[in-house]
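Only one structure is covered here, and it is reproduced in the block below.
The values are calculated or read from the model by the stated rules, or taken from the named source; none is laboratory data. Every value quoted in this text rests on a predicted model; they were computed, and no experiment measured them. FYI the Cβ positions are ideal-geometry reconstructions off the backbone, even for glycines, and counts take in every protein chain you see. Ligands, DNA and RNA are excluded from the accessible area calculation, which covers all protein heavy atoms including side chains. Shrake-Rupley method; radii C 1.70, N 1.55, O 1.52, S 1.80 Å.
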Amino acid sequence: MKKLFIKIAGIALASALMLGMMCIKTPNAQAATTQFPDVKSTYWGASAITKAVSKGYVDGYTNGTFKPDASVTRAEFLKMVVSALELETTPASGKWYTEYVEAARKAGLYAPADFNDNEAAWTKVMTREEMARVAARAIGETTKEDDKWMYLATKAGLINGVGIGEIAPKGLTTRAQAIVVIERILSKNNGTDLHVDKYAVGSAEIAWHGTNIFTVMPATEADLRQARKASVEEMWKEERMTITSKDGLYQGKLDALIAIDLSDPNDPNLELIKPINTLKWFNNRPSIKNLMVKDQKNSYVLYFKGGTVFNKDTKRYNPNTILQFQVDGFDSPDRDAFFNKGVLNTAARLYRNSLTDIPAIIIPKKGTVQNYSNLEIRIQTPVAAGFWFSEIVPLSLRVTRDDA
């Protein structure tokens with residue numbers, strides 16, 4: 001999956017010796033009232049920092065500064081979380097962080113499988129991905145998939161993007177970022193509904209299981225019940241994103257199925273299909289070439305990012321490197337309007353110059369009808385004429401749509 005990085009200003013607090021300069025208080029300590037000259041009222045994390053200091057689980061440095069952009073180690077972050085949640089700790093011999101690690105372990109915030117339980121590991125700077133894991137656990141989320149934690153944390157509103165659609169899983173955590181996330185944990189546990197960054201959720205969903213369709217084109221609870229599915233991960237079959245022909249001569253891979261909302265000018269995935277003013281949709285009439293996507297804003301685009309892994313027989317399998325796919329389940333209530341009047345009332349292929357140059361389809365949000373089949377995403381082998389093709393189905397779902 002795509003990895004994004006963020007550059008963080010500040011210094012890494014990499015050893016316990018630095019703790020002499022920075023106080024991380026327990027909640028029953030006297031709340032500090034220090035005004036920090038390096039945290040202006042306009043600073044994005046100023047409110048959270050003020051709350052955290054008043055609650056007593058963090059304070060500034062002995063020189064009167066707070067250093068909001070300084071990096072936070074794994075041990076420091078865990079201590080702040082344990083203190084903020086008021087978890088019981090038992091004094092222990094060894095390193096200063098030992099009692100907090102043990103409290104976190106008992107509370108399920110940390111597992112030995114996360115990383116080694118030694119000084120070299122604990123003094124490393126906490127990444128955003130690691131912060132997401134602790135934060136999601138702190139509100140009761142669980143998963144056995146290591147790449148799902150960021151999705152759970154963003155979906156709950158605990159973590160936002162560092163830019164539009166940028167989740168920066170390997171980005172380093174700063175003091176301000178840590179405190180903002182901890183305050184969100186406390187708010188969430190108190191029943192507060194948090195603002196959710198939908199672009200971050202979409203990117204995290206792609207990083208987790210290869211598609212953002214459940215974020216951009218969400219299924220309803222009724223759909224889940226009708227499909228007899230309990231959760232999103234049961235609908236999308238990530239293991240069916242790679243197709244290999246039975247003869248072993250062709251393999252194609254869907255890296256990501258990306259849903260794009262054409263009505264949202266801030267959708268970060270619009271970059272995949274720009275320039276939109278030259279993009280067309282196909283109504284199965286080759287002579288009609290003026291059906292423009294820019295006129296269909298109330299629609300979704302499904303972009304099939306991927307392609308051929310290998311093709312050892314270009315006579316049997318077409319050499320076009322674009323992945324061959326099909327989407328079923330959307331039908332036209334008025335075929336004459338679609339074929340002869342240029343009305344987009346079913347799913348249609350996108351193209352710019354030729355019918356195979358854009359691996360995407362357009363689906364209107366309203367106006368289609370569900371035909372006899374399920375909504376299905378199919379990946380196929382690109383066989384030449386006269387040969388049988390094979391296919392795999394990452395998604396098959398009977399949905400309920402508002403088709404008015």
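Would you check if there is a residue in region 206-221 being at pLDDT below 95, among the polar types (S, T, N, Q) and open to solvent by 60 Å² or more (accessible area, probe 1.4 Å)?
Within region 206-221, one or more residues are at pLDDT below 95, among the polar types (S, T, N, Q) and open to solvent by 60 Å² or more (accessible area, probe 1.4 Å).
Which of the residues spanning region 222-245 are assigned to a loop (DSSP other than H, G, I, E, B), at pLDDT 95 or above and either open to solvent by 70 Å² or more (accessible area, probe 1.4 Å) or basic (Lys, Arg) (or both)?
none
Looking at LYS341, LYS365, LYS297, which one is in contact (Cβ under 8 Å) with a residue 60 or more places away in the chain, among the charged types (D, E, K, R) and open to solvent by 40 Å² or more (accessible area, probe 1.4 Å)?
Selected residue: LYS365, the only one of LYS341, LYS365, LYS297 that is in contact (Cβ under 8 Å) with a residue 60 or more places away in the chain, among the charged types (D, E, K, R) and open to solvent by 40 Å² or more (accessible area, probe 1.4 Å).
Taking only pairs six or more apart or across chains, which ones have beta-carbon atoms under 9 Å, a first residue in region 80-95 that is closer than 12 Å to ASN189 by Cβ, and a second residue that is open to solvent by 90 Å² or more (accessible area, probe 1.4 Å)?
GLU86/ASN28
Count, please, the residues in region 136-186 that happen to be outside any loop (DSSP other than H, G, I, E, B) and not hydrophobic (A, V, I, L, M, F, W, C).
14
Assuming GLY60 fulfils every condition listed in (1) in contact (Cβ under 8 Å) with a residue 60 or more places away in the chain; (2) over 31 Å from the mean Cα position of the chain (by Cα); (3) open to solvent by less than 10 Å² (accessible area, probe 1.4 Å) apart from one, which condition is it?
(1) is the only condition that GLY60 fails.
Can you name the number of the only condition in (1) modelled with pLDDT under 95; (2) open to solvent by less than 10 Å² (accessible area, probe 1.4 Å) that LYS55 fails?
Exception for LYS55: condition (2).
Only residues that are of a type outside the set (Val, Ile, Thr) and outside any loop (DSSP other than H, G, I, E, B): list them for region 60-85, please.
Passing the criteria: TYR61, SER71, ARG74, ALA75, GLU76, PHE77, LEU78, LYS79, MET80, SER83, ALA84.
Of all residues in region 140-176, how many are open to solvent by 30 Å² or more (accessible area, probe 1.4 Å) and either farther than 13 Å from MET126 by Cβ or not basic (Lys, Arg) (or both)? First the steps, then the outcome.
In the first step, residues of region 140-176 are kept if they are open to solvent by 30 Å² or more (accessible area, probe 1.4 Å); the result is 140-147, 155, 160, 162, 164, 166, 170, 172.
Okay, now just the ones that are also either farther than 13 Å from MET126 by Cβ or not basic (Lys, Arg) (or both), so 140-147, 155, 160, 162, 164, 166, 172.
Number of matching residues: 14.
Looking at (1) in contact (Cβ under 8 Å) with a residue 40 or more places away in the chain; (2) within 20 Å of ASN277 (Cα to Cα); (3) surrounded by fewer than 20 Cβ atoms within 10 Å (Cβ to Cβ), which is the one condition that is false for VAL383?
Going through (1) in contact (Cβ under 8 Å) with a residue 40 or more places away in the chain; (2) within 20 Å of ASN277 (Cα to Cα); (3) surrounded by fewer than 20 Cβ atoms within 10 Å (Cβ to Cβ) one by one, VAL383 breaks only (2).
Check whether at least one residue in region 86-93 is open to solvent by 10 Å² or more (accessible area, probe 1.4 Å), over 22 Å from ARG137 (Cβ atoms), at pLDDT 50 or above and assigned to a helix (DSSP H, G or I), and report yes or no. Even if it seems obvious, please write down each step before you answer.
Going residue by residue through region 86-93, those that are open to solvent by 10 Å² or more (accessible area, probe 1.4 Å) are 86-93.
Filter once more, keeping what is over 22 Å from ARG137 (Cβ atoms): 91, 93.
Subset that is at pLDDT 50 or above: 91, 93.
Keeping just the survivors that are assigned to a helix (DSSP H, G or I) gives none.
Within region 86-93, none of the residues are open to solvent by 10 Å² or more (accessible area, probe 1.4 Å), over 22 Å from ARG137 (Cβ atoms), at pLDDT 50 or above and assigned to a helix (DSSP H, G or I).
Looking at the structure I just gave you, is LYS106 modelled with pLDDT of 90 or more and open to solvent by 50 Å² or more (accessible area, probe 1.4 Å)?
yes
Please state which one of ASP328, ASP267 is closer than 28 Å to ALA384 by Cβ and touching a strand residue (DSSP E or B) at 6+ places or on another chain (Cβ under 8 Å).
Answer to the selection: ASP328.
If you scan region 95-135, which residues turn out to be in a helix (DSSP H, G or I), of a type outside the set (Val, Ile, Thr) and closer than 20 Å to ALA176 by Cβ?
ARG128, GLU129, GLU130, MET131, ALA132, ARG133, ALA135
Taking region 368-380 as the region of interest, how many residues are outside any loop (DSSP other than H, G, I, E, B) and surrounded by 15 or more Cβ atoms within 10 Å (Cβ to Cβ)?
7
Taking the residues in region 109-139 that are without any contact (Cβ under 8 Å) to a residue 24 or more places away in the chain and among the charged types (D, E, K, R) as candidates, determine which candidate is nearest to LEU186 (Cα to Cα).
Of everything passing the filter in region 109-139, ARG133 is nearest to LEU186 (Cα to Cα).
I'm trying to understand the selection: among the residues of region 246-291, which are surrounded by 12 or more Cβ atoms within 10 Å (Cβ to Cβ), within 22 Å of PHE310 (Cβ to Cβ) and at pLDDT below 95?
ASP247
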